[in-house]
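The values are calculated or read from the model by the stated rules, or taken from the named source; none is laboratory data. Computed from a prediction, not measured in an experiment: that's the story for all the values here. Virtual Cβ from ideal backbone geometry, glycine too; neighbours counted across all protein chains shown.
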Amino acid sequence: MIYTCTMNPAIDLFTEFEQFSPFVVNRSKFEDYQANGKAINISFMLKKLNIDSTATGFLGGFTGKYIEQELIKHSIDVNFIKVDGITRINTFIRSGELEYKAVNKGPEISLKAQEELLQYIKTFTSEDMLFVSGSLPKGIKDEIFVTIAKLSQEQGFSLILDISSDRLIDCLPYHPYLIKPNDEELAHLLGVPKLETEQELVNAAQKLLDKGAMRVLVSRGEKGALYVDKENVLFTTAPRGKVVNTACAGDTMLAVFVGKMLQTGDLEDALISATAAGSSTAFTAGLSNLEDIPLLKEQIQLKKEVV
């Protein structure tokens, strides 16, 4: 079974305006409400690939009920820990070439609720895979990522991490199946201001392999993607298009990459498909419907380097 864990989910409100000015009433020309959260997005995208998953994490209030209902409506299994408070609403505003992101903190999660989630994760086995993605809500220390990494080694399940926490480094000795930093996060993890060249990116990713990660997928936005494991170094370019929303592109890339690997085992096609899917999501207000993937794949170039 595949599980996705979103500890700080949200309803995302996407709006577009002709112009967005302070101290006046700005009326949108487009709006869309979406059940969201990085690992929730992964469940949605896996479903579009006809891959089942169970979504877990924390939900509270009327907004939490909406998210749960949306997942169920799409035939995605749910097993969320119910908490006090209201699951957050985030707002993404597009005006011309500008994009504004208003992201809220979410409810405070009790120690009891945290323990309930960890007890659930302890039931996973070597037949299972767990995605842990996104930020943490109030009340949870990022030590929880290390605890989950330890559980993955003890229980034998495959762990995929897409987190911006510095504690990611401390998770690596437990050999996560895959980690997905973006290029800025990769630089930050290694304590450098910027990774200027492709070779610097490769060297940085290989350092994370040396620390214990089994695979590293680096999202690079308009520059494409990098994948590194002990035997492969692959780069993809990104297709061109009008960027509408960048919020969920990395989640889409990760879901499609892992999904395609599970379905076909074809590494090169999985990376090209994932790059196309991430771009497709960036070119629309919500998650990609995958219809334009064949066309986008034609624009992508793959480069292999000798390890």
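Annotations for the structure displayed:
- Sub-7 Å Cβ pairs linking a first residue in region 267-280 that is free of Cβ contacts under 8 Å to residues at least 24 places away in the same chain to a second residue that is assigned to a helix (DSSP H, G or I) and of a type in the set (D, E, K, R), at least 6 apart or interchain, are Asp269/Lys260; Ala270/Lys260, ordered by first then second residue.
Conditions (1) over 22 Å from Ala225 (Cα atoms); (2) small (Gly, Ala, Ser), marked per residue:
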position	(1), (2)
Leu118	yes, no
Asp142	yes, no
Gly156	yes, yes
Ser165	no, yes
Leu172	no, no
Pro176	no, no
Pro181	no, no
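- Within region 259-280, if we keep just the residues that are of a type outside the set (Gly, Ala, Ser) and touching a Phe, Trp or Tyr at 6+ places or on another chain (Cβ under 8 Å), the residue that is surrounded by the fewest Cβ atoms within 10 Å (Cβ to Cβ) turns out to be Leu267.
- Among residues of region 82-105, those that are in contact (Cβ under 8 Å) with a residue 12 or more places away in the chain, loosely packed, with under 12 Cβ neighbours inside 10 Å and not aliphatic (A, V, I, L, M), counted: 3
- Condition check for Thr54: touching an Asp or Glu at 6+ places or on another chain (Cβ under 7 Å) and surrounded by fewer than 22 Cβ atoms within 10 Å (Cβ to Cβ): yes
- Among the residues here, Glu108 does not qualify as at pLDDT below 90 and either touching a Ser or Thr at 6+ places or on another chain (Cβ under 8 Å) or surrounded by fewer than 17 Cβ atoms within 10 Å (Cβ to Cβ) (or both).
- Which listed residue, of Ile160, Ile179, is under 27 Å from Arg215 (Cα atoms), buried (at least 18 other Cβ atoms within 10 Å of the Cβ) and touching a residue at least 40 places away in the same chain (Cβ under 8 Å): Ile160
- Of all residue pairs spaced 6 or more apart or on separate chains, those with beta-carbon atoms under 9 Å, a first member in region 109-121 that is without any contact (Cβ under 8 Å) to a residue 40 or more places away in the chain and a second member that is among the β-branched types (Val, Ile, Thr) and not in a helix (DSSP H, G or I) are Ser110/Val83; Gln114/Ile81; Gln114/Ile140; Glu116/Ile81.
- Listed here are the strands (runs of 3 or more DSSP E) enclosed by region 53-133 that have at least 2 residues being within 30 Å of Gln153 (Cβ to Cβ) and under 18 Å from the mean Cα position of the chain (by Cα): 54-59, 129-133.
- Any hit, region 31-50, residues being over 19 Å from the mean Cα position of the chain (by Cα), crowded, with 18+ Cβ neighbours inside 10 Å, closer than 23 Å to Leu159 by Cα and not polar (S, T, N, Q): no
- Residues of region 196-220 that are surrounded by 22 or more Cβ atoms within 10 Å (Cβ to Cβ) and either out of contact with any Leu (no Cβ under 7 Å at 6 or more places or on another chain) or over 28 Å from Leu262 (Cα atoms) (or both): Ser219 alone.
- Residues within region 276-306 that are touching a strand residue (DSSP E or B) at 6+ places or on another chain (Cβ under 6 Å), over 19 Å from Ala35 (Cβ atoms) and assigned to a loop (DSSP other than H, G, I, E, B), tallied: 1
- Unique residue being in contact (Cβ under 8 Å) with a residue 12 or more places away in the chain and within 25 Å of Asp128 (Cα to Cα) when the list is Val307, Val233, Val244, Val256: Val256
- Single condition Val243 does not satisfy, out of (1) surrounded by fewer than 22 Cβ atoms within 10 Å (Cβ to Cβ); (2) modelled with pLDDT of 95 or more: (2)
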